[in-house]
Each structure stands twice: as structure tokens, then as C-alpha cells.
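Notes for the one structure printed next.
No value in this document is a laboratory result; all are computed from the given coordinates. The model shown is predicted, which means the values in this text are computed figures rather than measured ones. All Cβ positions, glycine included, derive from the backbone under ideal geometry; neighbour counts span all protein chains shown.
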Amino acid sequence: TGPLPGGVAPPGTTRSSRRVAFSRWLTSPENPWFDRALVNWVWAQLFGAGLVEPVDDLDAAASSPYAALLEGLAADFVAAGRSLRWLLGTLARTRAYQRSSAGAGEDLADARRLFGAARVRPLPPDVAARALLRAAGRAEPGPGELPGLHRALRRRLAAALARAFAAAEGDGEAEAALPATPTAAAVFLLNGREPTGLVRGPALRALLAREPDPAARVRALFERTLCRAPRPSEARAVVALLAARGHDRTAYEDLFWALLASSEFLSNH
């Protein structure tokens, strides 16, 4: 058995003892890569790109303009007892994390590359599936629904979204990686049997039963899906479209459907 990186010799020769030795070394102060790798990974999860890219290739750190920042954050992470809560809170409170994604053109692209503006990126499939269920009023199992069946529904939604996202990237495999565009997910939403059932589910039925005012219905659907009220121009246009269809139930289903299939709903922005 050869030594671990750094020349550390693993004790014993059994498979279990080698695993224990490796796991201890992996998280020990003698491993110079663990803290930098973890900080870089968490940064990438929050910002859409790591301080070093590719995220899992720290050999590129020497040429990264953010090498000093990565080293400093890794040292502070160790000083904080390797607390992920501390790391997430620290990064979330930075001005870089709180910057807007608004803008256009090459200047915006450069700003995003340099963490001067937020990157817009689609939600991971499992997160998108949970968001769909919550928006449709199905975040928890319904009356008489077994928890296992509800979990299976969420997994099916996530798997279908993963396949759609992979297709959007031109990848034939159903990988759960972040896609370049949520367009394929929107197509899935517009054609899938289960999303259709969610649109017609308890959230919309309850809204239509309790709220007679079309403008209030529109506002409630925007708040449920996009977490914001419609802009005045949006509200006027949508209410006019609903009126043209006689405020039929299917018109509200189509509105709910369009909001769930929108890039604003399916992206982290």
C-alpha cells in the first residue's frame, strides 16, 4: 500500500483501516487542499462559479486572480472551526453575493465573470421540483396520500426536469448538473402529465373558490410563483386576456402554467 498524499503512511493493510486512515487524513490539518476545495465548492454553489475553475481542479489556483481570496477564506474557515453555517453566512452577507443581475450587453457579461453582477442560472432539478410542488399546494402529502407516494412524485418530477435540463445542454444523459437554459424544462412543463395535474391542483382550486376579483387572483398567482406582485403593465395585460376568455377556469390554469414555465420561476436570479 502506497502512502497518502503528503507522504503519510496508512496504518495496517485492511480495506477498512485504509479507509479510516484516508478519511482522517482528508480532513486533517496535514491536508492542504481540503479547506480550499470546500470553500471553493461552497462559493460556486452560491455564486454560480468558483473562485477557481474548474471547481474540482485546484491546480488552477495558481493562475486564478482570486487565489489570495481563496486562501484567506480557507484560513478563516479553519479558524471558525470549519463551520459550514459560518461560511454560508459570511458569503451571503458579502456585497458580491447581494449584487443585482440586472443589465445587458458585454459589460454585464464581464461583470458577472468578475463577480461584479449576479449570475442568472437555472435551479437544480430537485430544487425546481420542490418549488413546483410548493407553488401547486402540494409541498406536503395530501389527505390520504402516503408519504412514500409523495416522495416518489417529487423524485419523478426531479428526474424529468434533469432529463429536460440535460437535453437543453445537448447531453443525452439525464444528469442533474446546472443547465445553460431552462427552456427545455418549460417544454416539459407544458407537455408533462404530472405538471398538468399540479396546475389543476389544490392551490388554484382554493384560490378560485375564495377570491372572486380577477385582479386579486392574478396578484395571488404571481406572488405564489414569482414571489412578487405583477407590475402594473403585466396586471393590465393579464386581466385583459383573462376577460377575453370570460375568466374561464382554464384561462387561470393557462396563466398558472405560464408562470411556472417562466425563466423567472425556474432560475436563481
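Tally Lys and Arg at +1 and Asp and Glu at -1 over the other residues with C-beta under 10 Å from the C-beta of GLY137: what net charge comes out? Once positives and negatives cancel, what remains is +3. Here the spin labels are modelled as points 7 Å beyond Cα on the Cα-Cβ line, and at ARG18 and ASP59 they lie 2.3 nm apart. Other residues lying with their Cβ under 15 Å from the Cβ of ALA79 contribute a combined charge of 0, Lys and Arg counting +1, Asp and Glu -1. The packing ranking, built from the mean of other Cβ atoms within 10 Å per residue, places the peptides 213-223, 136-146 in the order 213-223, 136-146, highest first. Within the shell defined by Cβ-Cβ distances under 12 Å, the residues around ASN268 carry a net charge of +1, with Lys and Arg each +1 and Asp and Glu each -1. Note on segment 58-100: the C-alpha convex hull projects to 3.7 nm² when averaged across all orientations.
Does segment 32-119 come out rounded, prolate or oblate by the C-alpha gyration tensor, with a ≥ b ≥ c the root eigenvalues, rounded set by a/c under 1.5 and, if not, prolate when a/b is larger than b/c and oblate if not?
Cα axes put segment 32-119 in the oblate bin.
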